[in-house]
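One structure is given below, encoded as structure tokens.
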Amino acid sequence: MTPRQETIHKWGLYALATLLCCVGQGLVLQYVTVLGVFPFIYPILAAVVSTLEGPLSGMVYSLALGVVCDLTISAPIPCFYTLIFPLSGLLAGTLARKVLSSGFLSAVVTSAAAFVLTGAFHGLIFVFSSRPAWAETASVCGRELALSIPLVLPVYFLFRLVWRKSLENQPTRL
């Protein structure tokens, strides 16, 4: 395969894995409620792909994921996920490349960072709408993070499988 075909194949597999996770979120996870929240897989997707692919590719993937989320789920403001997920992807990719090694532990840390960033952005929206609610926002973010963080394991291994498959297909150059 040519490098262009390999890239199309890899990102096509990423899109299929993302679709599988989105279907799981829509058909199963949104009906599992514990302490008033349900697991939220989308920040984990942005963080894991950015951890594996790096800041630039991860940010582009996160931007596309944010657009899909904004078109399919409700948010406090228009384009909420389109704004926050690329920042999460950039943060995750940078942390994975510069601070942490790119592995499962890195995926857990960057996923937690993506949740904190999303929660902080929610809090800012409440501040700007003249309803400061930092305590409630932190509580919801913490409960959502605690409920969602176990999902990093299956998501990480699913996307790592795609990532390793794409590495195997690359020809060695002399």
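All of the numbers you see were taken from the coordinates with simple rules; none came from a lab. Note that this is a predicted model, so its numbers are computed, not measured. Positions of Cβ are backbone-derived with ideal geometry, glycine not excepted, and every protein chain shown enters the neighbour counts.
Below are the figures for this structure:
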item: Condition met for Ser139 (among the hydroxyl-bearing types (Ser, Thr, Tyr), assigned to a helix (DSSP H, G or I) and touching a residue at least 24 places away in the same chain (Cβ under 8 Å)); result: no
item: Single match in Val127, Val116, Val109 (criterion: surrounded by fewer than 15 Cβ atoms within 10 Å (Cβ to Cβ) and not aromatic (Phe, Trp, Tyr)); result: Val127
item: Candidates Gly58, Gly54, Gly36, Gly89, filtered to the one that is within 14 Å of the chain's Cα centre (by Cα), of a type outside the set (Lys, Arg) and at positive phi; result: Gly54
item: Lone qualifier among Pro150, Pro78, Pro86 - being of a type outside the set (Gly, Ala, Ser) and outside any helix (DSSP H, G or I); result: Pro78
item: Residue pairs meeting the criteria (Cβ under 8 Å; at least 6 apart or on separate chains; first among the small types (Gly, Ala, Ser), in segment 98-118; second surrounded by fewer than 20 Cβ atoms within 10 Å (Cβ to Cβ)); result: Ser106/Leu95; Ser106/Leu100; Ser111/Ile149; Ala112/Ile149; Ala113/Leu95
item: Selected residue (only one of Glu144, Glu136 is in contact with a helix residue (DSSP H, G or I) (Cβ under 7 Å, 6 or more places away or on another chain) and among the charged types (D, E, K, R)); result: Glu144
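Yes/no per residue for (1) surrounded by 15 or more Cβ atoms within 10 Å (Cβ to Cβ); (2) free of Cβ contacts under 8 Å to residues at least 24 places away in the same chain; (3) in contact with a His (Cβ under 9 Å, 6 or more places away or on another chain):
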position	(1), (2), (3)
Met1	no, no, yes
Tyr31	no, yes, no
Val34	no, no, no
Ile41	yes, no, no
Ile44	yes, no, no
Glu53	yes, no, no
Leu56	no, no, no
Val68	yes, no, no
